[in-house]
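Here is the structure we will look at, set down as structure tokens.
The values are calculated or read from the model by the stated rules, or taken from the named source; none is laboratory data. From a predicted model like this one, the values you see are computed outputs, not experimental measurements. Here the Cβ positions follow ideal geometry from the backbone for every residue, glycine too, while neighbour counts run over all protein chains shown.
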Amino acid sequence: MVSSFQLANHVVGVMIDQDITDEYLEEIHTILLDKIKEFGRINFYCEILNGHDIPFKLLMEELKFKYDNSDSIHRVAVVTDLTWLKSVMNITGFVLSSDIKTYDLNERLEAISWVSENIN
């Protein structure tokens, strides 16, 4: 089960505290789509705790989801110490209309502050 929380009406957050599987990713997408239906545009906070695997195939599915929904996802804050994932997310920011920023785990408060700002 995905650990999710709401920081504000327009901000949904998830904590990745296990290896990513198809079912786990589908559960995250369902949470996001429900919030998009409710609020129109949202901000998304995603924290990936150390020691959890993200298969490349599922990362590509996640990027496709973000691309397909980038008009509805205003900001994405990715909090992780996985250097390779931060690089992928930074490159992805060039092709999505969503504003994406990455943060180290020790910068989570800065990430929460940024992603919690109102949508213009």
Mind counting the residues in region 98-118 that are in a loop (DSSP other than H, G, I, E, B) and either at pLDDT 90 or above or surrounded by 11 or more Cβ atoms within 10 Å (Cβ to Cβ) (or both)?
4
Consider region 22-50. How many of its residues are exposed (fewer than 13 other Cβ atoms within 10 Å of the Cβ) and under 24 Å from residue 107 (Cα atoms)?
1
For region 7-21, which residues satisfy the criterion of being surrounded by 13 or more Cβ atoms within 10 Å (Cβ to Cβ) and among the polar types (S, T, N, Q)?
18
With respect to the numbered conditions (1) touching a helix residue (DSSP H, G or I) at 6+ places or on another chain (Cβ under 8 Å); (2) part of a strand (DSSP E or B), which one is the sole condition not fulfilled by residue 74?
(1)
Could you list, in sequence order, all residues of region 84-109 that are more than 15 Å from the chain's Cα centre (by Cα) and among the charged types (D, E, K, R)?
107
